[in-house]
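To start, the structure itself, in structure tokens.
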Amino acid sequence: PGIRDMKTVFSPLHHLRSVKTELDGGILIEPHEKPSRVETILARVKSQTLGEVLEPEEFGLGPVKRVHKPDYVEFLEHCWADWVAAGKPGEAIPAVWCGRGMRARMPKDIDGRLGYYSFAAETSISDGTWEAACASANVALTAQKLVANGERAVFALCRPPGHHAHADLFGGYCFFNNAAITAQAFRDQGYQRVAILDLDFHHGNGTQAIFYDRSDVLTISLHGDPDLAFPHFLGFEDETGEGEGEGYNLNIVYPPGTPYGVWSQGLETACERIAAFQPGALVIALGVDTFEDDPISFFKLKSADYLSLGKRIEQLGFPTVFTMEGGYGVDAIGVNAVNVMQGFEGKK
Ligand code: OKP
Ligand code: MG
Ligand code: ZN
């Protein structure tokens with residue numbers, strides 16, 4: 001297999017995640033993270049004949065539980081049924097958290113458990129969320145298996161996204177951390193070092209937290225300054241890892257209006273760090289919400305910039321899995337995401 005026929009893994013089961021609500025600005029809006037996002041990207045994969053499109057294999061919960069806590073996985077599986085059984089009229093939305101000075105113990109009541117297992121309120125849960133989250137992890141794990149079996153790079157067209165999910169927290173539209181699950185799968189198959197580079201506009205807080213005290217998985221994220229952008233409570237540049245992991249987390253933050261010419265200097269810094277680390281595999285948490293017209297973000301990347309970005313990642317020379325993260329609102333997310341792959345392939 002060459003690099004000129006990149007495979008895409010995609011599951012139609014993503015449609016099962018079809019919540020009607022996102023809490024935003026004090027009202028419930030139609031979610032930004034909606035099914036048409038990945039259908040737009042898939043259509044572009046096909047119209048550009050990027051390469052074969054495969055459905056995922058079933059990996060079960062084993063590789064998911066290598067990253068996520070069993071009680072969290074159990075909570076997600078039964079959350080919607082528990083919510084309905086409690087007689088709630090709408091979709092499941094957390095509304096209470098363990099604030100400073102309160103006790104971080106898990107309550108029995110579904111409202112209490114929703115708060116215990118989340119860090120934000122914009123991510124509603126309804127029927128099918130669990131199934132779609134499982135399918136999304138299977139998409140990533142299928143891409144991981146293909147790369148472990150010799151593919152140079154594979155595009156995991158995941159939905160829902162994953163990089164905000166911690167070992168036992170959902171939020172930011174994420175439930176299972178697909179990039180972290182992918183990296184851990186490489187580790188469990190004997191890869192000594194794995195790097196995760198998060199290019200989504202938002203900080204990959206879940207990914208950072210999962211590997212924060214480890215030196216075997218290098219985590220790097222470029223993102224909007226958390227003082228001004230979600231997730232607000234993690235992602236600052238003084239977060240460099242702890243214990244064994246000291247020096248193995250790197251955050252590069254940018255202000256509103258950042259264009260590719262500035263952002264790409266951070267990409268260069270990230271690439272140099274990854275090259276020094278010499279991972280056996282690379283996972284790119286790919287968001288295209290860095291685009292100038294993204295409705296919820298504030299960088300100014302243009303469509304052609306995604307070709308350059310893909311080319312730079314290819315130059316690193318490591319076996320690579322791309323997991324799809326954010327990118328909203330506009331038809332251009334198809335062009336932009338696939339431009340990364342075509343830049344990588346050197347086709348355009
Ligand atoms: C998910 B991913 C907007 C607040 C932001 C959550 C953003 C989640 C982004 N009013 N809400 O990283 O693209
Ligand atoms: Mg990022
Ligand atoms: Zn994002």
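Per-structure values
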| read-out | value |
| --- | --- |
| Residues (within 22 Å of Ala156 (Cβ to Cβ) and within 11 Å of ligand 3 (Cβ to nearest atom)) located in segment 292-301 | Asp294, Ser297 |
| Members of segment 290-348 that are at pLDDT below 95 and of a type in the set (Val, Ile, Thr) | Val330 |
| Flag for Leu42 being within 28 Å of Thr8 (Cβ to Cβ) and surrounded by fewer than 19 Cβ atoms within 10 Å (Cβ to Cβ) | no |
| Matching residues, segment 204-228, being closer than 15 Å to Thr258 by Cα and either of a type in the set (A, V, I, L, M, F, W, C) or near ligand 3 (Cβ under 10 Å from one of its atoms) (or both) | Leu222, His223, Gly224, Leu228 |
| Residue count for segment 164-197, restricted to those that are surrounded by 24 or more Cβ atoms within 10 Å (Cβ to Cβ), within 16 Å of ligand 1 (Cβ to nearest atom) and under 26 Å from Ser18 (Cβ atoms) | 13 |
| Test: residue in segment 325-332 that is of a type in the set (Val, Ile, Thr) and out of contact with any Pro (no Cβ under 9 Å at 6 or more places or on another chain) | no |
| Condition check for Ala281: modelled with pLDDT of 95 or more, in contact with a Pro (Cβ under 6 Å, 6 or more places away or on another chain) and of a type in the set (A, V, I, L, M) | yes |
| Ser11 of a type in the set (S, T, N, Q), surrounded by fewer than 20 Cβ atoms within 10 Å (Cβ to Cβ) and at pLDDT 95 or above | no |
| Whichever residue in segment 330-348 is in contact with a strand residue (DSSP E or B) (Cβ under 9 Å, 6 or more places away or on another chain) and of a type outside the set (A, V, I, L, M) and, among such residues, is surrounded by the most Cβ atoms within 10 Å (Cβ to Cβ) | Asn336 |
| Odd one out for Ala137, checked against (1) away from ligand 1 (no atom under 16 Å from the Cβ); (2) over 20 Å from His78 (Cα atoms) | (2) |
| Any pair with Cβ under 6 angstrom, 6 or more apart, that starts in segment 274-285 at a residue that is crowded, with 20+ Cβ neighbours inside 10 Å and ends at one that is modelled with pLDDT of 95 or more and of a type in the set (Lys, Arg) | Pro279/Arg193 |
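The values are calculated or read from the model by the stated rules, or taken from the named source; none is laboratory data. Not measured: the values here are computed from a predicted model. Backbone-built Cβ (ideal geometry, glycine too); neighbour counts: all protein chains shown.
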